[in-house]
Every structure is written in structure tokens, then in C-alpha cells.
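> Here it is, the structure, as C-alpha cells.
The values are calculated or read from the model by the stated rules, or taken from the named source; none is laboratory data. Since we're looking at a predicted model, the values are computed, not measured. Virtual Cβ from ideal backbone geometry, glycine too; neighbours counted across all protein chains shown. With ligands, DNA and RNA removed, areas are computed over all heavy atoms of the protein, side chains included. Shrake-Rupley method; radii C 1.70, N 1.55, O 1.52, S 1.80 Å.
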Amino acid sequence: MRALLIVNPNATTTTPAGRDRLAHALAGRVALTVAHTTHRGHAAELARSAHADGMDVVIAHGGDGTVNEIVNGMLGEPSPRAADPSMPLLAVVPGGSANVFARSLGIAADPMEATEQLLTLLSQRARRRIGLGFCEDRWFVFNAGLGLDAQVCEAIDLSRASGKRVTTARYVRHSVKQFFESKRVEPALTLEIPGRDPAEGVYYAFVSNSSPWTFLDERPVHTNPGTSFDTGLGVFAMTTTRVVPSLRVVRQLLARHGEPESPHLIRIDDTPRVRALSTRPIGLQVDGDYLGMRTDVEFVSVPDLLDVVAPASESKRVIL
């Protein structure tokens, strides 16, 4: 089995010693090539070459941004399509601050534990096929959003660029700040969802490809508990920024078996697509990457598209 290990040396929780241990462990099981990213978009370039060169596995060691780049590099421009049997398997050893995609797949958060888990999964030659989402010209693996969370992602990017470490506390502070700033403006979004009347008066909207939406340290945040890599997209949209009803919904998001509901919440856990129209430019993020301001975005689900090295879901198990 030929494998390419793509390492983001600037990822939050990667260390030189950890990267060396990972490469050494993998080299004993696969014909390994190691590549370190040096610039934005480099992971996508490496993944594209890995596909063209017929690699069997591409292993991401970095955060969710690295994973997103690799997926977009392997798959290319989004369009309605089916799984490609020539596509390398995707494996992930977490190295970022949140690692939402890996943890949603059941991969251990600790890089060394995840390495042992990956070696076991490779020896079992097991894989799982998952669906993805796309909007505009980008694939996304776990979530996207308009408004509140996009502005938080922009603020985090600016903090990272200024040399500040990305932490859960920093995410929370930016989220609270952006929430209160959003109270100063009128709702701008209208959502068009198949089989439903257009939903107007939306302040912000989250679109999920899996659950949980994210993690606060070890605590999962569930916006759409019925959404998974085996379903369509989840939609979570709020029509109020009043503090009391918003706090009630936040409490449900953090509950162990919470099912968020509110008169001010639009929630659908399985839809093939959703279009968002805005009366003014509003921020867009994809897998935590801030893409800028938009007024018209369509999010589309593409099922059964990508094979990943991960514990199989109860309903889907594929043996190589």
C-alpha cells in the first residue's frame, strides 16, 4: 500500500517529535512518502498529485483546514458526481485545535492514540464511504455557515495571523462578541429548502454535513443530531438574537442528548440542498475557513462520495 503523509507543521498541536513518531510508525506498515506543507493551498496541490500518481492512501496530519484542502485537491471542482474508484483513501491524524472532522468519524483526539487507531484500521483494510457537501466551488466535509459563525472564523483567522494561539476560550470570546454585534442589525437571510415555504427573517444559518457541529474541548456541540455523513445536510437557523431564547437554545446544543428546538429555530436534519439569499453581503465560512461576503449561496449534499479510513458506522461497512 502506497501512502502519502501530508503534514501541516504549523498546525496547533503538531510537534516535530510527534510527526517523527507518526512517520516512523506508518513506514513500518506502508510504502510511505512524507510531504510538509509550506503555503496555503499546498495540501490541495499535494493531494491532487497523489491522486494522479495512483497513491492508495492520503494521510492528513493537521487541522480541519488541512483536511479540507486535501479533499478539494483530490476531488477537484464540485459537481454532481459519484465515487471514483481510483481516488485514494483519506485518513486523518488530528493536529489542529478542534479536529471536528476526525472526531466526528470516531478518530481519537490525541495524535498518538489516533496513530495506533489508524494502524489498526489499515491492518484491517476497512474503510467507510461518506457523503460531502459543496457550495460555490468548494467541497466541505463537516460544516459551513453564513453570518455569526463565519464572522467568528474571520476573527480567529485574524488572531492566528497576528501570532495568537487558537484556543477554545478564544473561540468562545469571539462568539459572544459577534453575537452581540449581530443584535445591532436586522435579519438579512431567506432560506429556500425543498418542500418548504421560504423562511425569512433569519439572522444566521449553520449547514452541517455531520454531527456534532463542533467541539468545545471534549464537549460536543450538536446543532443537528439527526445529521450524519450518511444523510443529507442539516440546517440550523435562528430568527432571533434575543438573549433569553438564544441561551435556551445554547443549553440544548450542549446537552448530552439534546434535540434543539425553539419557536425561533429553523431546524432540518436531512435535506439534499438549501439556498440562502441575503439582502446585504454576509460572511460565509466552509469547514472553518472564512471565504468572504456573499448574497446568494447554495449548499448541496453529495452522498456516498469519499472513502475514508475510519471506524465503520453501524449502517455502512465496506471491506477492501
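> Residues in the range 140-153: is at least one open to solvent by 50 Å² or more (accessible area, probe 1.4 Å) and either touching a helix residue (DSSP H, G or I) at 6+ places or on another chain (Cβ under 9 Å) or assigned to a helix (DSSP H, G or I) (or both)?
Checking the range 140-153: not a single residue is open to solvent by 50 Å² or more (accessible area, probe 1.4 Å) and either touching a helix residue (DSSP H, G or I) at 6+ places or on another chain (Cβ under 9 Å) or assigned to a helix (DSSP H, G or I) (or both).
> Next up: Could you list all residues from the range 52-88 that are open to solvent by 20 Å² or more (accessible area, probe 1.4 Å), closer than 28 Å to D110 by Cα and free of Cβ contacts under 8 Å to residues at least 40 places away in the same chain?
Passing the criteria: only E69.
> Within the range 241-263, track down each residue that is buried (at least 18 other Cβ atoms within 10 Å of the Cβ) and either more than 18 Å from W213 (Cβ to Cβ) or charged (D, E, K, R) (or both).
Scanning the range 241-263 gives a single hit, T241.
> Let me ask something else about it. Return only the number of the condition from (1) farther than 28 Å from D157 by Cα; (2) within 20 Å of the chain's Cα centre (by Cα) that S86 does not satisfy.
All conditions pass for S86, except number (2).
> Oh, and also: Here are some residues: A44, A50, A98. Which one is of a type in the set (G, A, S), modelled with pLDDT of 95 or more and more than 16 Å from A3 (Cβ to Cβ)? Before the answer, list the steps.
Working: A50 fails: more than 16 Å from A3 (Cβ to Cβ); A98 fails: modelled with pLDDT of 95 or more.
Exactly one residue qualifies, and that residue is A44.
> Can I ask one more? Which is assigned to a strand (DSSP E or B) and among the polar types (S, T, N, Q), of S301, S228, S211? Can you show your working first?
Details: S228 fails: assigned to a strand (DSSP E or B); S211 fails: assigned to a strand (DSSP E or B).
Residue meeting the stated conditions: S301.
> Here's another thing I want to ask about it. Name the residues in the range 172-203 that are out of contact with any Pro (no Cβ under 9 Å at 6 or more places or on another chain), outside any loop (DSSP other than H, G, I, E, B) and of a type outside the set (A, V, I, L, M, F, W, C), would you?
Answer for the range 172-203, where residues must be out of contact with any Pro (no Cβ under 9 Å at 6 or more places or on another chain), outside any loop (DSSP other than H, G, I, E, B) and of a type outside the set (A, V, I, L, M, F, W, C): R173, H174, S175, K177, Q178, E181, S182.
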